[in-house]
1. In segment B:36-55, what residues are facing chain A (nearest Cβ under 9 Å) and farther than 22 Å from B:Ser73 by Cβ?
2. State which residue is nearest to A:Ile21 (Cα to Cα) when the search covers only segment A:44-73 and only residues that are in contact with a strand residue (DSSP E or B) (Cβ under 6 Å, 6 or more places away or on another chain), assigned to a loop (DSSP other than H, G, I, E, B) and of a type outside the set (Ser, Thr, Tyr).
3. Going through segment A:82-111 one residue at a time, which ones are surrounded by 14 or more Cβ atoms within 10 Å (Cβ to Cβ), more than 25 Å from A:Asp54 (Cβ to Cβ) and either at pLDDT 95 or above or more than 8 Å from chain B (Cβ to nearest Cβ) (or both)?
4. Could you grab me the full set of residues in segment B:2-24 that are more than 12 Å from chain A (Cβ to nearest Cβ) and either assigned to a loop (DSSP other than H, G, I, E, B) or among the hydroxyl-bearing types (Ser, Thr, Tyr) (or both)?
5. Go through segment B:56-72 and count every residue that is away from every other protein chain (no Cβ under 14 Å), assigned to a loop (DSSP other than H, G, I, E, B) and surrounded by 11 or more Cβ atoms within 10 Å (Cβ to Cβ).
Amino acid sequence: GDSVTQMEGPVTLSEEAFLTINCTYTATGYPSLFWYVQYPGEGLQLLLKATKADDKGSNKGFEATYRKETTSFHLEKGSVQVSDSAVYFCALSALMDTGRRALTFGSGTRLQVQP
Amino acid sequence: EPEVTQTPSHQVTQMGQEVILRCVPISNHLYFYWYRQILGQKVEFLVSFYNNEISEKSEIFDDQFSVERPDGSNFTLKIRSTKLEDSAMYFCASSEGLAGGSYNEQFFGPGTRLTVL
């Protein structure tokens, strides 16, 4: 079935460092791809999405490009802040047996940004 | 800003007991979901619900689980006889449209941590 693999954490960076969190997927057909973020004590929030190959999703300085040839959707940010400390989940809209789609998630990557 | 809420934030129960986890989805949303995350593992889809019936369910969602929309605002997940392996964080979500469609953003609640002793 469809699946998502993302790099294990925690990832610890200093403020203003460059961030990459790797995400690769296997899927049937053409899923949409997502990054969700979970701040401490809060629910999952959609950070960005891409719905077709070569699309770039972006939000709050974060970017990710839908790469069909490498089945990847890596999350990047040029300069992280302490407030970016959170858990980041890569997800795709997976194809179910019924032909409909539901979200399937990676295991999450905890980012810790130090001042 | 509208948000999905969940109660309780933490539930502790004895093995074999029934638990009901509660969620209030965003008021104009039509699709409702439950996911769970066992500690250190992936967030897993359990079930989706639309028009007062289950529209999708995963293999995890067996006969021990049930969902209900008892009134116009609440959406509940019931586990009839809890097992140790049901210990997890349970997330409720809602969306205007079906995941994968044009309106596919799912809004998540903060989760309920279920601990089965």
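1. If the condition is that a residue be facing chain A (nearest Cβ under 9 Å) and farther than 22 Å from B:Ser73 by Cβ, then B:Gln37, B:Gly40, B:Gln41, B:Lys42, B:Val43, B:Glu44, B:Phe45 are the ones that fit.
2. Going through the qualifying residues, I end up with A:Phe73.
3. Listed by number, the residues that qualify are A:Asp84, A:Ser85, A:Ala86, A:Val87, A:Arg110, A:Leu111.
4. Within segment B:2-24, B:Pro2, B:Thr7, B:Pro8, B:Thr13, B:Gln14, B:Met15, B:Gly16, B:Gln17, B:Glu18 meet the criteria.
5. 2
The values are calculated or read from the model by the stated rules, or taken from the named source; none is laboratory data. Not measured: the values here are computed from a predicted model. Quick reminder, even Gly has a Cβ in these numbers, built from the backbone with ideal geometry, and neighbours come from all protein chains shown.
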